[in-house]
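Student: This is the structure I have questions about; it appears just below.
The values are calculated or read from the model by the stated rules, or taken from the named source; none is laboratory data. Just so we're clear, the structure is a prediction, and the values are computed from it rather than from any experiment. Every residue, glycine among them, receives a Cβ derived from its backbone with ideal geometry; neighbour counts consider all protein chains shown. We work out accessible area using only protein heavy atoms, side chains counted, and drop any ligands, DNA or RNA first. Shrake-Rupley method; radii C 1.70, N 1.55, O 1.52, S 1.80 Å.
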Amino acid sequence: MTDAFGERPFPKGVLIAVAALLGFTIIVVGVARLTGMKMDQAPLAPEVQSRDIRFVAQDDGSMAVYDVATGAVVQTLPPGAEGFIRGVLRSLERQRKAHKASLAEPVHLARRADGDITLQDPITGILLAFRAYGASNHQSFAALLPPPPQTGK
């Protein structure tokens, strides 16, 4: 079999264009890094409801969720259940170790005007918006807040 393109050289214009694009990208990234320039993020919708909560591991493997203001137990996560919440907590705990803080320190959970649920860690500065993780994972954290306020219609 013969190669249909064997006699034709690769177009130099394409090579020059790709090299120029790569060079431009490297220069733009370098300038952004050196100057500290960052893209603005979209603003968060205002909070319509919030609760400061803390998570406390129990001896039986369950996890108690406490309302910091009242000291009441909001929910108890059974051992091995609520995998998404536990995964978020493992990640949060890993981040807090760098700040020499424990998972028992409170976090701020909020429902936003657009319906999103966010979790903000005042120790590490991490802000998680749960809508990005899918409806069931969003709902697992929404269950830790009181029912949404009713609007008069």
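Student: With a sphere of radius 11 Å drawn around the Cβ of Pro79, what net charge do the other residues whose Cβ falls strictly inside it have (Lys, Arg +1; Asp, Glu -1)?
Tutor: Within the 11 Å Cβ shell, the charges total -2.
Student: On to the next question. Pulled fully out, how much extra length does the chain show between Glu7 and Ala69, if you take 0.36 nm times their separation in residues and subtract their Cα-Cα distance?
Tutor: Full extension of this stretch gives 14.5 nm more.
Student: Identify the trypsin sites (Lys or Arg not before Pro) of the range 1-108 meeting these criteria: DSSP loop state and at most 10 other C-beta atoms within 10 Å of the C-beta.
Tutor: In loop regions of the range 1-108 (DSSP not H, G, I, E or B), the sparsely surrounded trypsin sites (Lys or Arg not before Pro) are Lys38, Lys100.
Student: Let me ask something else about it. Tell me, in nm to one decimal, what length is gained between Asp116 and Leu22 on full extension, where the rule is 0.36 nm per residue of separation less the Cα-Cα distance?
Tutor: 30.1 nm
Student: With every protein chain kept in place and ligands, DNA and RNA left out, what is the accessible area per residue of the range 1-151? Probe 1.4 Å, answer in Å².
Tutor: Dividing the accessible area of the range 1-151 by its residue count gives 69 Å².
Student: Pop out the carbon and sulfur fraction of the accessible area of the chain as a percent, whole number, probe 1.4 Å.
Tutor: That share works out to 60 percent.
Student: Answer rounded, prolate or oblate for the range 67-140, using the Cα gyration tensor with square roots of eigenvalues a ≥ b ≥ c: rounded when a/c is under 1.5, else prolate when a/b is larger than b/c, else oblate.
Tutor: Here the range 67-140 falls in the rounded category.
Student: Mean separation of Cα pairs under 8 Å and 6+ residues apart, divided by the residue count of the range 13-153: what relative contact order is that in percent?
Tutor: 21
Student: When all alpha-carbon pairs of the chain are counted, what percent fall beyond 21 Å?
Tutor: 61
Student: If you don't mind, another one. Using each residue's phi in the range 45-58, evaluate 6.51 cos²θ - 1.76 cosθ + 1.60 at θ = phi - 60° and report the 3J(HN,Hα) Karplus result to the nearest Hz, with x for Gly and Pro.
Tutor: So the Karplus estimates, Gly and Pro as x, are 5, x, 6, 10, 7, 8, 7, 8, 10, 9, 10, 10, 6, 9 Hz.
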